[in-house]
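The values are calculated or read from the model by the stated rules, or taken from the named source; none is laboratory data. All of these numbers come straight from a predicted model, not from anything done at the bench. So basically every Cβ, Gly included, is an ideal-geometry build from the backbone, and we count neighbours across all protein chains shown.
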Amino acid sequence: MTNTIGQSIKKLRKERNLTQEELAAQLNVSAQAVSKWENETGLPDISQVIPLASVFGVSTDALFGLEDTNVDEEALKIVQKADAMRKQGKLDTLLIAYDAMLEGLKKYPCNRILLLNCMHLGLNLSLPENGWMYAPERAKEIRNETIRQANLIIAHSKNISDIFTAQQTLVFLYSSEKRYQEAISEAGKFPVRPDFTLYSNMARVNGYMGNHPQEIMCLCSEIDYSLQGLEDAVARLGKAYYNSGKYKDAISTYETFFDIMKAIFKDSCPPPYHDFDSGDCHILLAQAYLAIGETNRAMDSVEDAVNYALDLMERCTDGKTPWKTFMQSPLVQETETTPYITKSMLKASLLEKITSEEIQALQNNQRFQALYEKVRGL
């Protein structure tokens, strides 16, 4: 026999050690309203169903007593199935995966795993600067849905990382829609200091505990993310100089960054921190050299981008190779993060780089044509 919604609310509230007053405060209703729901002398308004499910971390079906399955396990299966549909360089597969997660959200509308994964993919699909991942025909629809998901996470999540991720998503999307005041409002909610992080604080705790291996892991992970943040800032700073017509400053920015990476990683490994969401710094450096008529220097930078990827391909095994394999510096070698690369991913990325808009002026260059054929022949 299924529970009534009142019975389910009472059961779920007690399982989570919440008082009626605490639940009411999270839902912005009175404690008397919660009491009426549980005593079945009143029903929650339809607008409260999704917030209730979110507070308890269950599906709306579970709230109505219709299922007992572990929602996070089911959500994870949906995400894993969607991820298996995605193929590098194939926009249609991203849209199929996105729609699969949207279907999952119809059943589990407040599930953290589904919301975060769908929001992240939606951000990729809705912004033109994301290259092949941008879906122009559905961008507006996806952008609106992603804004809705981000606001839902901000309103109901207790996880500060989830909230910051959602707020940053809104900064991107509001800015792309020229809703600048809303973007500024979201940006203003972030902390100024970059060390207000999970890993920084966990390292401190483990240091006091005397758990130094865990402290090392946390600090390596902190530096890993800091280097990724440095790359993002450098790429964006270089672009800002470039867009301001300060081409030599852009060149100096990128070259200084590469000098820093060489100092950190020495000769043991090619530095892996130059090619994230903001673009490949080698390609951006080539673009800046082209702006001042330095074609040969631009080609040197393009060759650096290609040779870096080819070097990684030689180091890759036939399957998935963890990034940690290449991160030999003591500053990051114990990092907890576990991304991986494959030869097929590197090849797809190379093809995207060699045809990127930033270096289109090199198409008729003989060195470039030879390099292009080399990449196509992989």
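Listed values, structure above:
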{"quantity": "Every residue from segment 1-26 that is assigned to a helix (DSSP H, G or I), under 35 Å from the mean Cα position of the chain (by Cα), among the aliphatic types (A, V, I, L, M) and buried (at least 17 other Cβ atoms within 10 Å of the Cβ)", "calculated": "ILE9, LEU12, LEU23, ALA24"}
{"quantity": "Count - residues of segment 28-51 that are in contact with a Leu (Cβ under 7 Å, 6 or more places away or on another chain), at pLDDT below 85 and part of a helix (DSSP H, G or I)", "calculated": "3"}
{"quantity": "Single match in GLU336, GLU314, GLU358, GLU373 (criterion: closer than 26 Å to ALA250 by Cα and among the acidic types (Asp, Glu))", "calculated": "GLU358"}
{"quantity": "Any helices (runs of 4 or more DSSP H) falling wholly within segment 176-279 and containing at least 2 residues that are polar (S, T, N, Q) and crowded, with 16+ Cβ neighbours inside 10 Å", "calculated": "198-209, 212-243"}
{"quantity": "Sole residue being under 17 Å from the mean Cα position of the chain (by Cα) and either modelled with pLDDT under 95 or in the same structural domain as VAL332 (by TED's automatic domain parsing) (or both), chosen from ILE223, ILE153", "calculated": "ILE153"}
{"quantity": "Residue in segment 8-24 that is nearest to HIS156 (Cα to Cα), counting only those that are among the polar types (S, T, N, Q) and modelled with pLDDT under 85", "calculated": "ASN17"}
{"quantity": "Condition check for GLU334: of a type outside the set (Phe, Trp, Tyr), within 30 Å of TYR247 (Cα to Cα) and at pLDDT 85 or above", "calculated": "no"}
{"quantity": "Hits in segment 305-362 (condition: within 30 Å of MET202 (Cα to Cα) and assigned to a helix (DSSP H, G or I))", "calculated": "TRP323, LYS324, THR325, PHE326"}
{"quantity": "Where ASN111 falls short, out of the listed (1) more than 28 Å from LEU351 (Cα to Cα); (2) modelled with pLDDT of 95 or more", "calculated": "(2)"}
{"quantity": "Residue tally, condition modelled with pLDDT of 70 or more, closer than 20 Å to LYS158 by Cα and of a type in the set (Gly, Ala, Ser), over segment 52-74", "calculated": "2"}
